[in-house]
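The values are calculated or read from the model by the stated rules, or taken from the named source; none is laboratory data. Nothing here was measured: the structure is a model prediction, and the numbers come from that model. Here Cβ is always computed from backbone atoms with ideal geometry, including for glycine, and neighbour counts include all displayed protein chains.
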Amino acid sequence: MKKLSARRRHPLAALVVLLLALACTGGLYAAFAPAGKAQADETAQSLAIDEGKKLYAVGCASCHGTGGQGTSDGPSLVGVGAAAVDFQVGTGRMPAQQPGAQVPKKKVIYTQAEIDQLAAYISSLGAGPTVPTEADYGPDGADIAKGGELFRTNCAQCHNFTGKGGALTHGKFAPDLEGVDPKHLYEAMQTGPQNMPSFPDTTLSVQNKKDIIAYLNAVNGDDTESPGGLELGGLGPVSEGLFAWIFGLGALIAVAVWVAARTAKAKKS
Amino acid sequence: MSTTNTPDSRSSREKAPAGERVADWADGRLGIYSLAKANMRKIFPDHWSFMLGEICLYSFIIIILTGVYLTLFFHPSMNEVEYHGSYVPLQGQLMSEAFNSTMHISFDVRGGLLIRQIHHWAALIFLAGMFVHMMRVFFTGAFRKPREVNWLFGFLLFVLGMFTGFTGYSLPDDLLSGTGVRFMEGAVLSVPIVGTYLSFFLFGGEFPGGDFVARFYSIHVLLLPGIMLGLVVGHLILVFYHKHTQFAGPGKTNNNVVGMPLLPVYMAKAGGFFFLVFGVIAVVSAIASINPIWAMGPYRPDQVSTGAQPDWYMGFSEGLIRVMPGWEINFWGHTLVLGVFIPLIIFPLVLVAIAVYPFIESWVTGDKREHHILDRPRNAPTRTAFGVAWITWYMVLLIGGGNDLWATHFHLSINTITWFVRVAFFVAPVLAFIATKRICLGLQRRDKDKVLHGRESGIIKRLPHGEFIEVHEPLSQEQLHTLTSHEQYEPAAIGATVDENGVERKVKGSEKLRAKLSESYYGEESQIAKPTIEEYKEITSGHGHH
């Protein structure tokens, strides 16, 4: 200690202390500060939120309020989560064209990047379900038959046996699920858009949702084959009855007219 | 000319041709010669609408043939099994053996799916054919004496066909038909006092139990088709016995039948028509899917799907239930489910309304003569209006039965449709009745005009003094006969109420009602007097302005 105390009045001592202090602070900062990548993400995130807020102000605020708090024309969006935004805007339901019993699917007018920005803004208002990943809704490890059973138990009441859709009260309806993106199917189950009940993971687990999506893809997807021929809309006996009357009996009556018109005629003398 | 080959000169030792020997053998034992002689020349008139019944007969035969094939593979059992067939989306699911075997028929039996679809499409077409056939008989008045019993046979065939169809639709034990059986159970339960007992009797205990598929199977393949087959035979025998009706025309009277003989012409046509019917049904079955049970899945009482409807012929009962308000009253501690029980009562009334019509009409007209010449619908305006009103009623209920599909496909509110059906159930038949009667009277006036003034030729002529007239071509004698051959009834009046001794008799209420109905059938408001010979002569003699 003697050496140290002998030099503490050295003209460079202050410099050394300063350097040590700086190294210490820097080291501590380096040890405890958030990672550099996270920092960049934060910037991007806040940028996305900002951009989302701008998009929101133009496209959504008139019904949902300037801060997403909701108005008499639209519900509060606090806590609905990114998944709800991705579904509603990603299927073109939002922004709504007009008030009505139910907002129908229409052409999507935002790019996926813009939808993500909107989702970022809305999820910044309050925590909610996040957008699922391919691992959640992809076909790997899905049990189609189990999905069918789950679908018939939980979904067919409104969406019909294979998801062809059905009517609800007062002009509302459960839409046809043909050609719906698996991600959107997942988000719909997760968030329960419009008149649909929500099926959070505690009700239908991630695996359950995956099974249902795989079942729908098998029976109401683009590659679904109908072993019996024309499906007639998959709507059951009403369309079958119409077909039987118009094409079945219609053809037979046409044949009867044809047969009756060709008869053995007495030869004219 | 050689005579060695004529039968007369054939030596007695020479054998007769094989066909002749077979015929001789059979005639000696069955007496077919006289039977054939009497019936081979039976005459059938030619008209496309007389072949509607044939469509029904042939589709019935097709249903029996394909049904027999299906019984070879179907297991009417409700034992639970796990599915391991070739349809992937049901692999490993639990289901009844009935469902499993139907899946097996659909995917793993050669031709099984096609046969199943032919069976089901033919059933829908059979019922639709019977409906149209019945309407043809109704609107042409072919149900009049002596054919009232045959009308009832036909009606019974239609009703039994409905129930045979319903039991058959329930056999695969899929989610759709199971819902239909559940619906039926609900209807049975709604019967006051005995409902629960009836339901337990029918299902052998609590619904669904383990019995109903086997029971429905016996009813579907044995009981009902057996009765129907008997009725079909009876129906045909009566058609033979009464001979076929015909439309009015030159040379056609109430005492003859103008047409082609059964053999060979009619037999060839009918035989050919059978194959045409089979062909059309087979093509429909090969093109279009029907009752895809694999898409519906096995029945489980805890599951249900939207769009659960019965086949079309039961659709009106579905409509009755769907539009009926869910009324329920509590009577002395017993719940009366009027929302289901009232439809259950109306269900047979809808059908009976059309079944009893011939008897009502014959009572109103008091006509006990035989009728073999058909009416043109316009010449019986009240009957035609009644028929159209009934069809309207039936169709309104069908709309009610499919109200969800009307809602989704026409972007309507299902509640609005339900209210429309509730109102239309009472109003639409009345409107249809009035409109149809007006149209019929309009057509009668047109006929009268055609008879008296001829057919509008479309040729416009200018007379020397500048007037334009349209040239009317007179009708041929045949056309005049056809348009004027129908007879017109006088409204039945209440007979004299005072007899020759001046004693007043009591006029019964039924007599008054009958006179009133008769007035509404045949009064001045309800038919246009057909042109008389005098009218015709006056106009065509040149004194008329044409």
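Here are the numbers:
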read-out: Residues located in segment B:453-469, provided they are more than 27 Å from B:ALA380 (Cβ to Cβ) and surrounded by 12 or more Cβ atoms within 10 Å (Cβ to Cβ); value: B:ILE469
read-out: Selected residue (only one of B:LEU475, B:LEU517 is at pLDDT 85 or above and in a loop (DSSP other than H, G, I, E, B)); value: B:LEU475
read-out: Checklist (1) within 13 Å of another protein chain (Cβ to nearest Cβ); (2) more than 21 Å from B:LEU224 (Cα to Cα); (3) at pLDDT below 95 applied to B:GLU54, failing item; value: (2)
read-out: Matching residues, segment A:104-148, being surrounded by 17 or more Cβ atoms within 10 Å (Cβ to Cβ) and within 14 Å of chain B (Cβ to nearest Cβ); value: A:ALA142, A:ASP143, A:ILE144, A:ALA145, A:LYS146, A:GLY147, A:GLY148
read-out: Helices (runs of 4 or more DSSP H) wholly inside segment B:83-180 containing at least 1 residues that are more than 30 Å from A:PRO139 (Cβ to Cβ), touching a Gly at 6+ places or on another chain (Cβ under 7 Å) and not β-branched (Val, Ile, Thr); value: B:112-139, B:148-170
read-out: Unmet requirement for B:PHE73, which otherwise passes all of (1) touching a Gly at 6+ places or on another chain (Cβ under 7 Å); (2) within 14 Å of another protein chain (Cβ to nearest Cβ); value: (2)
read-out: 3 or more residues outside the structural domain of B:LYS145 (by TED's automatic domain parsing) and over 24 Å from the mean Cα position of the chain (by Cα): qualifying helices (runs of 4 or more DSSP H) within segment B:355-451; value: B:403-410
read-out: Residue list for segment A:153-163, filter: surrounded by fewer than 24 Cβ atoms within 10 Å (Cβ to Cβ) and facing chain B (nearest Cβ under 7 Å); value: A:THR153, A:GLN157, A:CYS158
read-out: Residues of segment B:90-127 classified as of a type in the set (A, V, I, L, M), free of Cβ contacts under 8 Å to residues at least 40 places away in the same chain and either over 30 Å from B:GLU54 (Cβ atoms) or within 11 Å of chain A (Cβ to nearest Cβ) (or both), total; value: 2
read-out: Of all residues making up segment B:440-452, the number that are in contact (Cβ under 8 Å) with a residue 40 or more places away in the chain, buried (at least 18 other Cβ atoms within 10 Å of the Cβ) and more than 11 Å from B:ASN379 (Cα to Cα); value: 2
read-out: Residue under evaluation A:ASP211, criteria (1) in contact with a Lys or Arg (Cβ under 8 Å, 6 or more places away or on another chain); (2) facing chain B (nearest Cβ under 10 Å); (3) not polar (S, T, N, Q), criterion not met; value: (2)
read-out: Options B:PHE275, B:PHE212, B:PHE201, B:PHE207; residue that is more than 13 Å from chain A (Cβ to nearest Cβ) and surrounded by fewer than 17 Cβ atoms within 10 Å (Cβ to Cβ); value: B:PHE201
read-out: Residue in segment B:379-400 that is under 21 Å from B:VAL352 (Cα atoms), surrounded by fewer than 18 Cβ atoms within 10 Å (Cβ to Cβ), modelled with pLDDT of 95 or more and away from every other protein chain (no Cβ under 14 Å) present; value: no
read-out: Long-range neighbours under 9 Å by Cβ, at least six apart or interchain, first residue farther than 13 Å from A:LEU249 by Cβ and free of Cβ contacts under 8 Å to residues at least 40 places away in the same chain within segment B:128-150, second assigned to a helix (DSSP H, G or I) and of a type outside the set (A, V, I, L, M); value: B:VAL137/B:GLY53; B:VAL137/B:ASN150; B:VAL137/B:TRP151; B:VAL137/B:GLY154
read-out: Test for A:GLY92: is it away from chain B (no Cβ under 14 Å), at positive phi and of a type outside the set (Asp, Glu); value: yes
